[in-house]
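Novice: Sharing a structure here in structure tokens format.
What follows draws every value from the coordinates through simple rules; no lab data is involved. Here the structure is a predicted model, which means the values were calculated and not measured. With ideal geometry, Cβ positions are generated from the backbone for all residues, glycine too; neighbour counts draw on all protein chains shown.
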Amino acid sequence: MNATMTPSSQMTSSLIERNPETPITMVQAINEALFQALESNPNVIVFGEDVGISGGVFRATEGLQAQFGEARVIDMPLTEAGIIGSAYGMAVAGMTPVAEIQFADYIFPAFDQIVSEVAKLRYRSGGDCACPMVIRTPYGGGIRGGTYHSQSPEAYFTQTPGIKVVIPSTPADAKGLLLSALQSPDPVLFMEPKRLYRSPKGLVPVDPTPIPLGPARLVQAGKDLSVFCYGAMVDICQAAATKLQESDGVSIEIIDLRTLSPIDEASILASVRKTGRALMVYEAPKTGGYGSEISAIIAEKAVEYLKAPIKRVAGLDTPYPYSLESVYMPHPVRVMRAMQEVLGF
């Protein structure tokens, strides 16, 4: 499976020798992480539907097959169960597969492979076998994708022991967390908010600099309210907090969870014990969503610190709509009103 790994001048210029002071997009950061992983580790294999010649539907793998060859960046048939099953076999055989599911909405045909096989290998083998593989998939709304291209199924997988679930919200986190995922001895579901693929841009280290899986990111410190969010909701919460801070003079803390499983319980509890108020924001349907788990942790371990009821802002308990996407998804006004309700209790 080894391939010649001498970067072309075009690829080197765009991915390795770029100006570190020039902001790049999340999709560029993911592409760069994959390039550097393929370059440094001959066991890394990237594959999925349309990832090779076309570079993926969002161009996250653009140029990789031309650089590393068809044996390491592989176009697969339309069979999600086959893609994940192939990755599972490669991982058991000592490779480091990166399997792309074109949209998170398409991951369900592979659900049994993921939860019954991939996630349970270490347990079933008594710790003798690891399963070092990464499943990349774009998720969430914001691009008018409609019912089958906009869902947020992260909660299904956070309830599965044995698999890590990671969601970046910035280009720098996308690269650093993906590099860490590629070093994990256990499977990682790496969910990429497609709404953020090309906006906003951010500064990203050129050198491969992993960001540890697990710790949350403090987006901004505050003393009156703790807001917990991830993915595309981080920018939404920042916009809402900025407006409310300017109008009401309140101090709002925003925590980007980044890794949903394992969860950074210590950061969540420390923040709530400081502010006494908690708000969860996520774009999946409200009922049974990941924010419910955060609420339960706070209720079980920090209820005596609360000055107001815990509140959630989320998507609606309906299939994801096309024409009413702006109503379905949390937006700054909805989030700001929820902040006011918690603060005014």
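Novice: Just add up the charged neighbours of I30: K/R +1, D/E -1, any other residue whose Cβ is under 13 Å from the Cβ of I30.
Specialist: Local net charge: 0.
Novice: Next question, about the same structure. Under 16 Å between alpha carbons, and skipping anything fewer than 8 positions from K286 in its own chain: which aspartates and glutamates qualify?
Specialist: Excluding near neighbours in sequence, the set is E154, D317, E325.
Novice: Mind giving me the nanometre distance, one decimal, between the label points for R59 and S199, set 7 Å out from Cα along Cα→Cβ?
Specialist: Distance between the two pseudo-spin positions: 1.5 nm.
Novice: Could you tell me which residue out of L279, G315, Y290 lies farthest along the dipole of the range 270-340 toward its positive end? Charges go on the beta carbon: Lys and Arg +1, Asp and Glu -1, centred on the Cα centre.
Specialist: L279
Novice: Please give the charge dipole size of the range 9-196, origin at the Cα centre, charges +1 on K and R Cβ atoms and -1 on D and E Cβ atoms. Round to the nearest 20 debye.
Specialist: It works out to roughly 300 debye.
Novice: Computed from these coordinates, which is semi-axes √(5λ) of the Cα gyration tensor in Å: (1) 30, 27, 18; (2) 31, 22, 19; (3) 34, 22, 19?
Specialist: (3)
Novice: Additional query: Please list, in chain and number order, the residues 5+ apart from R136 or on another chain whose amide H is under 5 Å from its amide H, with Hs placed from the backbone.
Specialist: Residues meeting the criterion, in which the H sits 1.01 Å from N, are A99, E100, I101, F190.
Novice: What list do you get for K194, K286 if you sort them by fewest beta carbons within 10 Å?
Specialist: Least crowded to most crowded, the residues run K286, K194.
Novice: Separate question: In debye, nearest 20, what is the charge dipole magnitude of the chain about its Cα centre with +1 on Lys and Arg Cβ and -1 on Asp and Glu Cβ, if you could check?
Specialist: 780
Novice: Residue separation times 0.36 nm, minus the C-alpha to C-alpha distance between L316 and R334: what's the value?
Specialist: The span from L316 to R334 would gain 5.2 nm if fully extended.
Novice: Rounded to whole Hz and in sequence order, give me ³J(HN,Hα) for the range 95-111 from the Karplus expression 6.51 cos²θ - 1.76 cosθ + 1.60, θ = phi - 60°, writing x for Gly and Pro.
Specialist: 7, 10, x, 10, 9, 9, 9, 4, 9, 4, 4, 8, 7, 5, x, 9, 4
Novice: Next question, about the same structure. Which stretch or stretches of the range 149-189 have amide N atoms under 16 Å from the point lying 7 Å from A296's Cα along the Cα→Cβ direction?
Specialist: Within reach of a label on A296, which here means backbone N under 16 Å from a point 7 Å along Cα→Cβ, the range 149-189 contributes 154-162.
Novice: Work out, step by step, the length gained on full extension between T147 and A81: first 0.36 nm times the residue separation, then minus their alpha carbon distance; give nm to one decimal.
Specialist: 21.7 nm
Novice: Mind running the shape call on the range 217-343? Use the C-alpha gyration tensor, a ≥ b ≥ c as the square roots of the eigenvalues: rounded below 1.5 for a/c, prolate if a/b tops b/c, oblate otherwise.
Specialist: Note, shape of the range 217-343 comes out oblate.
Novice: Lys and Arg at +1, Asp and Glu at -1: add these up for the other residues within a Cβ distance under 10 Å of R217 and post the number.
Specialist: -2
Novice: Further question on the same structure: How much net charge surrounds I298 when only the other residues with a Cβ under 14 Å from the Cβ of I298 are counted, with Lys and Arg +1 and Asp and Glu -1?
Specialist: Value of the local net charge: +1.
Novice: Contact order normalised by length for the chain, with contacts defined as Cα pairs under 8 Å and 6 or more residues apart; what percent is it?
Specialist: 16
Novice: Something else about it: Quick query: amide H of M95 versus all other amide H atoms, modeled in the peptide plane; which residues come in under 5 Å with a sequence gap of 5 or more or a different chain?
Specialist: none
Novice: For S261, what residues show an amide H to amide H distance below 5 Å, using hydrogens built from the backbone and excluding near sequence neighbours?
Specialist: Placed amide hydrogens put V165 under 5 Å from S261.
Novice: When only C-alpha pairs under 8 Å and at least 6 residues apart count, what is the relative contact order of the range 9-196, in percent?
Specialist: 22
Novice: Which pairs break 30 Å Cα to Cα here: K120/K201; K120/K311; K120/K175; K120/K274; K164/K243; K175/K307?
Specialist: Correct reply: K120/K201; K120/K311; K120/K274; K164/K243; K175/K307.
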